[in-house]
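A short worksheet on the structure shown next.
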Amino acid sequence: MQIGYYPGCSQEGTAKEYDKSLREILKILNVDLTEIDDWSCCGATSAHVTSHKLSLALSARNLALAEKQGMKEIFAPCAACYNRLASSKTELQNHQEQKYEIETIIEEKINNIPEIYNIVNFFQKVGKEKITEKKKTDLKNLKAACYYGCLLVRPNGINTDDSEQPDSMEEIVKATGAQTVDWNFKLECCGAAHSIARTDIVVDLSKKILDDAQKHGANVMIVACPMCHSNLDMRQKNIKSKFSDYKVIPVLYLSELIGLALGLSKKELGIDTHFIEFDLPIKNNVQEEVSA
Amino acid sequence: MKIGVFICHCGENIGRTVDCARVSKAAGFFPNVVHSVDYKYMCSDPGQNIIKQAIKDLQLDGVVVGSCSPHMHEKTFRKAVADAGVNPFLCEIANLREHVSWVHDDMDVATDKAIDLVRFAVEKVKRNAPLKTIQVPVTKRTLVIGGGISGIQAALDVANAGYEVVLVEKEPSIGGHMSQLSETFPTLDCSQCILTPRMVEVYQHPKIKLLTYSEVEKVEGFIGNFKVTIRKKARKVDDTKCTGCGDCMQKCPIKKKALSEFDENLTTRSAIYVPFPQAVPNIPVIDTEVCTYFKNGKCSMCKKVCGRDAIFFEQEDQMLTEEIGAIIVATGYKLYTIDKKPKNSEIKGYGEYGYGKYKDVIDGLQFERIASASGPTSGEFKRPSDGKEPKKIVFIQCVGSRDESKGFSYCSKICCMYTAKHAMLYKHKVHDGEAYVFYMDIRSGGKMYDEFVRRAIEEDGVKYIRGRVSRIYEENGKYIVKGEDTLAGVPVEIDADMVVLATAMIAQPEASKLAQTIGIPYDKYGYFVEVHPKLRPVESSSGGIFLAGACHSPRDIPDSVAMASAAAAKAMVLFGSDMLEREPTIALVNENLCAGCFYCKKVCAYNAIEVKQIFDRQGNFVKEVAYVNSGLCQGCGTCNATCPSKSIELIGYTDEQIYAEIAALM
């Protein structure tokens, strides 16, 4: 299987391990990623609060490049990139005049915009059974709280999952053999880009999320967004210093969890670079155990 | 032909922009026009007398009136002409108001156009033929579809006037949603107490034929002469033998598998069941989906215990045909069931409220059942999850209503009132309980309605918060309701024991299918549509079919009952005479030209085109041609425009007449 890849800026910076773990597991799952040549910024939050046209044009440029490079499908692992690309796609398809204007701005033609996948959709496409098939590690000690964040399943109608009570990520997590917990704050705001300017807000909001997950029995958070990861992982130290009775919880990318299931090491997956150490007991070599 | 032209000023309406004197003068020179005058109010008595007098004095045999739209006064002028002894269809209207004076400013241009339009009408009237209205007989029987409060009211009104009624209800019992309600606003009288006597009255009425557990399959014919096919679904119980003793239900081993529809899934019922103890008729039905006998043939406990041998497993659906003159549609509504993933993909759902996930987040009808003395908790307030008395209830209005992005853009109209009632009933029984209502606006128009809401707020201490709820989640057995108080401008968080969602009223899911079966229009929501929103609110555009209750739009009990009585009165108007008069301006087939392609049949919106076989004198089949059913044809002209061989003409609007009109304008 081959698919176009839009890494986005985080995959080369704060979320290097997200990119690394993805590339590692996709080797095992026989998926070839072809990076969009000359891709640029998706616009993220900054563009669409500045100018709607700018946000559309930035995404449209990447979509046009992908189309020109013959890609029918592209995979954007970052939730913000996915949200921008998918929202822009819908808008370009539904508003012809807007499309013509954007085409003039980016000096590219847009005809057949590729299908866009976020990480959950992507693994649905790859097939959960493929993960189960190649599973090497027993993850049943992991009780995962799947955290979708604000962008992954929104806006309503663009994604196939319910934007208020999603459960598609749980399906993938279950395929790795880990357990999932039912909890309240799958979509609650983590504070997002306030992380730097108003760390206090992020500390409070992230604590609420992490507390609720743990209250419902989770021992690991699973995320699908570099921003969510940085807030939930990096800010736990700040939470701890503000609330001394706070108990930390490791935060993994969905790709890292799959990687663990496929028998990759924490180092290979970049889990060793996280702020909160992942030290839950997992058993290797399921198959051997079964055959023995 | 001697034609008279009469130009009306319509006070200033036409006179202000059209020089009526110039129009009448010009018309006087048109060929065949022997008389032409103008007058301030032609529709008034003196105005009509001018027309009548001219007809008598000059022996006119054609009349053109230049006035307002024919929709307004064509009937008036045609009657005046008929009174003077001329066939009314020899009178034509030139629309000088809506088509001229109201849409133009320049007097010269307007006057020229008015002259053209009068010339146009003169050319048409020259080619008009005297026509006679069509007379059709009337079957004085009414079909009422739906046995809720609207259907019951309509059936009783018609039957009490002495006409026969066939009442069809698809559920095993009549009573509809009203039978599920606890108390009714604004008087707080018990719903069942006022409804059940009416249900029994229907059952015992000698003029009413009650068909429960039945559905309308097919409607043929036309106003005054419908032939209706009704499917009487197999109850698997012989209703002639059953006495309603209930032994079968007592002994039925299936008690837990089937959710009670009447209790809105809050309780279970047996496989053989009556929906509720006061059901009319009190004859059970076997739910073949859950009954063990119908699954594997193993159980037949009900048959064994029935002392009357009334259980009849082999019973099949029966088809009945009824001759009907008027139809009253009263199929009611459904509550919008919000769920995580609603079946109807157009509806986005309200996953943030956790309905279907949290047991104590319920809808309005479920609350009615909990509050009802005949309900699962015998009227005591206990929440579904653990049976504890809720000390704090949050009511959320407009869930699905007035919400274009997720639900429906219309207002469901009854929720403000029933939410006030719910909160009030709760406060009356749980004195230390707290009731919160989230609302957008309080819409309590109606007699004693606003007073009722004020009473809930001021006397019973229900706390109203203006704002929407963004989410509900469970925490330590409480439901955290997060919303906004838009008056105070602050976020609100309430830890409730139970949440009641006032979900939107929606059309019955099969409403559009029924509309297609009986041939009436429906809107984008599935509600049936009236002919005129103000002046003909209970008539559908199909002659002889009337609308009552919430199948037309969201409405409460008083409105539904009033509408039902109005529909009954409309049906009885039909029965006032033995023959019905219909406009003769309908389509007519030239059978010699017709090639039998039946494009006309495909485009006819009223199913008025039939297939007629032509035989020669020896009785040999020659060909099939189109035939217009004069009872059904509404004279719309679609067939006329479609016919490739021009073998269908619309009487009164023949091609010859139209071409003459066009020629007059050139």
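Bear in mind these aren't lab numbers, they're just calculated from the coordinates by the rules spelled out. These numbers come from a predicted model, not from an experiment. Quick reminder, even Gly has a Cβ in these numbers, built from the backbone with ideal geometry, and neighbours come from all protein chains shown.
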Quiz item: Of all DSSP beta bridges in the protein assembly as shown, what percent run antiparallel (nearest 5)?
Solution: 45 percent
Quiz item: Using +1 on the beta carbon of Lys and Arg, -1 on that of Asp and Glu, and nothing else charged, what's the dipole of the protein assembly as shown about the Cα centre, debye to 20?
Solution: 1540 debye
Self-check item: Kirkwood estimate for the range B:183-289, i.e. one over the average of 1/r between Cα atoms, Å
Solution: 16.4 Å
Self-check item: P(r) tail fraction, the range B:586-650 - alpha-carbon pairs more than 19 Å apart, %
Solution: 25 percent
Quiz item: How big is the shadow of the Cα convex hull of the range A:131-291, averaged over all directions, in nm²?
Solution: 9.6 nm²
Quiz item: Kyte-Doolittle mean at least -1.0 and Cα extent at least 27 Å along the axis: which DSSP H helices of chain B qualify?
Solution: B:107-126
Quiz item: To the nearest 0.05, how large is the calculated FRET efficiency for A:Thr132 and B:Lys251 if R₀ is 35 Å and r is the Cβ-Cβ distance?
Solution: 0.15
Self-check item: Antiparallel bridge percentage (DSSP; both residues within the range A:136-290; nearest 5)
Solution: 10 percent
Quiz item: Rg to Rh ratio, the range B:423-560, alpha-carbon atoms and Kirkwood radius?
Solution: 1.10
Quiz item: Looking at the range B:333-506, what % of its DSSP beta bridges pair antiparallel, to the nearest 5?
Solution: 45 percent
Self-check item: 5 Å-binned pair-distance histogram of the range A:85-158 (Cα, whole percent)
Solution: 3, 11, 16, 17, 14, 12, 10, 6, 5, 4, 2
Quiz item: For chain B, what does -39500 (n - 2.57) per DSSP helix run (n ≥ 4), summed and divided by total residues, give at 222 nm, in deg cm²/dmol to the nearest 500?
Solution: -8000 deg cm²/dmol
Practice problem: For the range B:333-506, would you read off the P(r) tail past 25 Å as a percentage of all alpha carbon pairs? | Solution: 27 percent
Exercise. For the range B:85-184, state the semi-axes of the equivalent ellipsoid (square roots of 5 times the eigenvalues of the alpha-carbon gyration tensor), sorted largest first and rounded to whole angstrom.
Key: 53, 24, 10
Quiz item: Just counting partner chain Cβ atoms within 10 Å, what average do the residues of peptide B:350-362 show around their Cβ?
Solution: 2
Quiz item: Between B:Ile480 and B:Lys304, what FRET efficiency comes out of the Förster formula 1/(1 + (r/R0)^6) with R0 = 51 Å and r the beta carbon distance, rounded to 0.05?
Solution: 0.45
Quiz item: In nanometres, what is the gap between the two model label sites at B:Glu656 and B:Ser470, each 7 Å from Cα along Cα-to-Cβ?
Solution: 7.5 nm
Quiz item: Just how far, in whole angstrom, is the range A:210-261 from the range B:376-422 if you go by their alpha carbon centroids?
Solution: 37 Å
Self-check item: At 1.567 mPa s and 4 °C, Stokes diffusion of the range A:42-145 via Kirkwood alpha-carbon radius, µm² per second
Solution: 85 µm²/s
Self-check item: Using a Förster distance of 56 Å, the FRET efficiency for B:Val603-B:Ser405 (Cβ separation, nearest 0.05)
Solution: 0.90
Exercise. Treat each spin label as a single point 7 Å out from the Cα along the C-beta direction, and report the B:Ser378 to B:His428 distance in nm.
Key: 1.9 nm
Quiz item: Rg to Rh for chain A: what is it, with Cα atoms only and Rh by Kirkwood?
Solution: 0.98
Quiz prompt | Evaluated over the range B:247-305, the Cα radius of gyration and Dmax, each in Å | solution = 11.1, 32
Quiz item: Which distance in nm do the two modelled labels at B:Ser69 and B:Lys207 give, with both placed 7 Å along the Cα-to-Cβ direction?
Solution: 3.7 nm
Practice problem: Bin all alpha-carbon pair distances of the protein assembly as shown at 20 Å intervals from 0 and give each bin's fraction as a whole percent. | Solution: 11, 28, 31, 23, 6, 0
Quiz item: Percent of alpha carbon pairs in chain B separated by more than 51 Å?
Solution: 29 percent
